[in-house]
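Since the structure comes first, as structure tokens, the remarks are kept for the end.
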Amino acid sequence: MHRPAEFRPAGATVRPGPGIPYPLQRAYVRLMMWLVGRLLQASSAVDPVIMREVAELPPGFAFAMRVRAGGPGFAMCEQDGRLRLMPLQQAGRLQLSFDFKHLTHAFLVLGFVEGTAVSFARDRMSVDGNLGAGMKIVRCLNRMEAVVLPKFVARRALKAYPPIGLGEKLAAATRIYARMLLQLVGGK
Amino acid sequence: MSQEFFEFFCPVKIAAGYKALEHIPFELEVRGASRPLLLSDAGVVAAGLVDTVTGAMGSGGASAGPLFDQVPPDSSMASVRAAVALYRERDCDSIIAIGGGSVMDTAKAVNILATEGGEDLQRFAGANNLTRPLKPFIAIPTTAGTGSEVTAVSIIKDEDSGTKMPFMSQFLLPDVAVIDPRTTLKLPALITAATALDALTHASEAFTCLAKNPLSDAYASAAITRIARSLIPVLDEPADAGGRLELALAAAMAGVAFNNSMVGLVHALGHSVGAIAGVHHGMCMGIFLPHVLRYNLDARREEIGEMLLYLAGPEIYASTPHSGRATAAIACIEALRDQAHQRCGLPRTLAETGKVQREDLPRIAAMSLDDGSMIFNPAEVGYDDALAVLEQAWA
């Protein structure tokens, strides 16, 4: 007998994995970690919404997003009201870390298959440390994704796409990408 | 909802029902313990509940051990240190906590230092900073709401810095939760109602937030059923031991559910109102729950609609059109809260608490955005959204 969808037990649907070889996943995640770190660094210098969030972080606040067991990742710290990248291996005591429990989990988030909040809720990552500051970092990531990603991609990564007009989005994205290029070229 | 991966963990043995307290000597013995430190607070002692526990232990041939009864309403570092000193001085080998959330939180922190040694509790603060099992720990809840007897979290106030330090580790979980109706029989009506709504909120948020999973759903739905069925009868007949046990079991089940599925916007707002205005946590939960469910309606209409089955029973669920079940479920919760208000004055709005000022609402909204619970809320919440929910809850 056909059962209406409302009676389908929760958890009964399992989507197949990405089916992409691990070396390719690793390369993609490494690239995206590199990109996200630099975009976040640039955003914290030019985007007023993210600048407001960073201004409320504790001085010198250091955090990392990484794949556990030495996988790809990046580390940043607050410095003069901005976020600065620092070598992951040289990062001292972190106040917060987002640790993906497996490479594929990071691939799902950085491939915009599922959002950061959903990944956390599904226990695909552990978030250790100062959770209040962690919420500010999550809001920074959400804002950055909403601005720099095409709307149809950002919608997959976020719980809700914020009310940003096309003009504001393009202007903000241009500022962030330009700043990132300047930082890459100038090293600042 | 498709949930492709989840984790569920609850190794706490639950000893519940008739003469449950009399099982404590056995539970100590099988864990190789014989010299427990009893932790409680002055109110619990005055209510005679510690005597009830020690009497039950004595009848089973166990000595109760030293009592530390100076746990404050907000668990503090000073009380943890004092309790640890007594633990060491009397060469204890286990801990029995008798009380509500603050006693449980204190006991968990005492257990850290009792096991790990030293005086520096702060180095274990945060998530997953414990790496081995702690001393045998038996939890005896005297309220039916917090679920602390089955949760892996402790919050301790550091008087020096004025901050609250969270500790989260699977090793904080008690070995045994003893749920005996005698420990909640004397609970005043207002606290009975407020703590029951706290448990209802744990279950409702576990059932509707992002980390819901099939196992936590089972615990959450069973908890909702018991609270909806037993709260008003217990308020009408406080000596109803069966109803009291149902509420205490519901609180434990809701605790298991939210310890695995976490909570959302109701708790984020409630934590902030508690911090800024000092309103009882359970009262905050009762005030915010319907408003937040309404806020989450678009994101969780199916799940909230399913809650009608547990809140109102199969007849009403079946006779309510599918499209109207979610709003009917919210109306059920409001009716439950209103009935409790009629019986014991449980506040229905922030204004009725008499502690919150309307001009505090923006500050409460801003603070709630940084609460870790917010990430699990199914609908995105910004400052304006949080403020709008607070305004709805105002009067």
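No lab work stands behind these numbers, since they all come straight from the coordinates. Since the model is a prediction, treat every value here as computed from it, not as a measurement. Note: ideal-geometry Cβ built from the backbone for every residue, glycine included; neighbour counts use all protein chains shown.
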Output field shielding_mean for A:120-126 (other chain Cβ, 10 Å radius) holds 6
Here the FRET efficiency for B:S161 versus A:A171, based on Cβ atoms and R0 = 41 Å and rounded to 0.05, is 0.50
Counting only DSSP beta bridges fully inside region B:48-202, the antiparallel percentage to nearest 5 is 40
Taking Lys and Arg as +1 and Asp and Glu as -1, residues besides A:K136 with C-beta under 9 Å from its C-beta add up to -2
Between the modelled labels at B:Y383 and B:K186 (7 Å from Cα along Cα→Cβ) the distance in nm is 4.9
Percent antiparallel among DSSP beta bridges confined to the protein assembly as shown, nearest 5, equals 45
Per residue of B:208-214, other chain Cβ atoms within 10 Å number on average 4
Among B:P290, B:P141, B:P11, the residue with the largest mean-square fluctuation in a Gaussian network model of chain B built from Cα contacts under 10 Å is B:P11
Rounded to two decimals, the Rg over Rh value of the protein assembly as shown from Cα coordinates and the Kirkwood Rh reads 0.98
B:S323 and B:R358 label points (each 7 Å along its Cα→Cβ direction) are spaced in nm at 3.7
Across A:M135, A:M51, A:M144, the residue with the highest GNM fluctuation in chain A (Cα network, 10 Å cutoff) is A:M135
Lys and Arg at +1, Asp and Glu at -1: neighbours of B:N260 with Cβ under 11 Å from its Cβ sum to -2
Note to self: Kirkwood Rh of chain A, Cα pairs, one decimal, Å, is 17.5
Rounded to the nearest Å, the spacing of the alpha-carbon centers of region A:159-174 and region B:192-269 is 41
Expected unfolding gain across B:E391-B:R301 under the 0.36 nm per residue rule, minus the alpha-carbon gap, is 30.1 nm
Taking a ≥ b ≥ c as the square roots of the Cα gyration tensor eigenvalues, with a/c under 1.5 meaning rounded and otherwise prolate when a/b beats b/c or oblate if not, region B:97-248 comes out prolate
Expressed in angstrom and rounded, the centroid-to-centroid distance over alpha carbons for region A:97-130 and region B:302-339 is 34
So the pair-distance distribution of chain B, from every Cα-Cα distance in 10 Å bins, comes to percents of 5, 24, 33, 25, 10, 2, 0
Expected integer from the mean partner chain Cβ neighbour count at 10 Å over A:131-140 is 4
Restricted to chain B, the DSSP antiparallel beta bridge percent, nearest 5, is 25
Over chain B, the sum of -39500 (n - 2.57) across DSSP H runs of at least four, divided by residue number and rounded to 500 deg cm²/dmol, gives at 222 nm -17000 deg cm²/dmol
By the DSSP-based rule, helices of chain A that are at least 30 Å long along the axis (C-alpha) and have a mean Kyte score of at least 0.5 are A:22-46
Here the residues of region B:261-283 lying in the modelled label zone of B:I316, meaning backbone nitrogen under 19 Å from a point 7 Å along Cα-to-Cβ, are none
